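Have a look at the structure below, then the notes.
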Amino acid sequence: MANSDDSMPFPPVTPGGSLIIAWQLRDKRVLLVGGGHVASGRLTHLLDADAVVTLIAPKSGLHTLVVHRVFEDAYAKTRITYLDRTFGGEEDLEGMDMVLTAIDDVALSRSICHMARTRKIPVNVADVPPECDFYFGSMIRRGPLQVMVSTGGKGPKLANIIRRKMEDALPDNVGEAIERVGELRAELRKRAPGVGGRLGQKRMDWMTKVCETWSLDELGQLDEAAMEFLLDHGWDQKARVPSFDE
């Protein structure tokens, strides 16, 4: 039961949501059944996550983007095993780590879902929320930045509208800023190695101050010389944070 006591100093529990996580699919085997418009988006998401994809769909019904990924995209061709046919049965699930269906045949999709769940394989059936162990949200991707907007399967179009509003509010160089901060963190770890404890907390506090003191635009301009200056005149000087203008 959700905590409704507003006097508590903790955020209330809000049941009914999903656990939003960044699922690591690098080199995991994923079965995608379908080759139409919805499948084209699913395929791109899987390739972005470095999955190894088995795609089952008749060639005659492939979306143009799927055709490009399967037959023309140099990188994608190394990650996709394409089978020009319809779903063949339980043997198609052998060795899979995830199963996605994006076909118009609801009965077949539910059957595939049942087969996957029997094998404890996470499954997503497009447009049938009760048959989904997870949902695809509307995604923002700017380099290492990934933001997902999910309505729990209730309003995909609304998720898309909200995502566009959020994306419009982001600085153009937000991806660069994140890349540069990641490089600065790596250099800081070289200068102050160690895991956890007081040193780990000190590093975290200093990086927090840097991110709060420098704007995203300024962080995006961090180069090797600026990082060296921050470390020499900031971290090494009692963990102060020089301003961008310094």
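Laboratory data are not the source of any read-out in this text; all were calculated from the coordinates shown. All of these numbers come straight from a predicted model, not from anything done at the bench. Reconstructed Cβ throughout: ideal geometry from the backbone, glycine too, with neighbour counts over all protein chains shown.
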Length gained when the stretch ASP205-ILE161 is fully extended (0.36 nm per residue, less Cα-Cα span): 12.3 nm
Gained length - ASP133 relative to ARG198, 0.36 nm times residue gap less alpha-carbon distance: 19.4 nm
Between 0 and 90°, nearest 10: helix 174-191 axis offset from the chain longest Cα axis: 60 degrees
The range 171-246: radius of gyration over Cα atoms, expressed as a fraction of 2.2 N^0.38 Å: 1.04
Rounded if a/c under 1.5, otherwise prolate or oblate - the chain, Cα gyration tensor axes: prolate
0 to 90° range, to nearest 10: angle between helix 106-118 axis and the chain longest Cα axis: 60 degrees
Given charges at beta-carbon only (K, R positive; D, E negative), |dipole| of the range 79-150 in Debye: 420 debye
Distance (nanometres) between label positions extended 7 Å along Cα→Cβ at ARG26 and ASP168: 3.6 nm
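Given axes a ≥ b ≥ c from the Cα gyration tensor, I'd like to know whether the range 1-101 is rounded (a/c under 1.5), prolate (a/b larger than b/c) or oblate. Write out the running numbers ahead of the final one.
On the way: a/c = 2.79, a/b = 2.51, b/c = 1.11.
Verdict is prolate for the range 1-101.
Computed FRET efficiency, Cβ-Cβ of VAL106 and HIS37, R0 22 Å: what is it to the nearest 0.05?
Once the sixth-power term is evaluated, E becomes 0.85.
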Cα-based reach from LYS202 at 17 Å (exclusive), listing lysines while leaving out same-chain residues under 8 positions away: LYS190, LYS238
Simple spin-label estimate for PHE71 and ARG141 in nanometres, 7 Å along Cα-Cβ: 2.3 nm
In nm, spacing of pseudo-spin labels at ARG85 and ARG185 (7 Å Cα→C-beta vector): 4.6 nm
Tilt relative to the chain, helix 37-48 - C-alpha long axis, 0 to 90 degrees, to 10: 40 degrees
Gain in span if fully extended, THR64 to GLU228, counting 0.36 nm per residue against the direct Cα distance: 54.3 nm
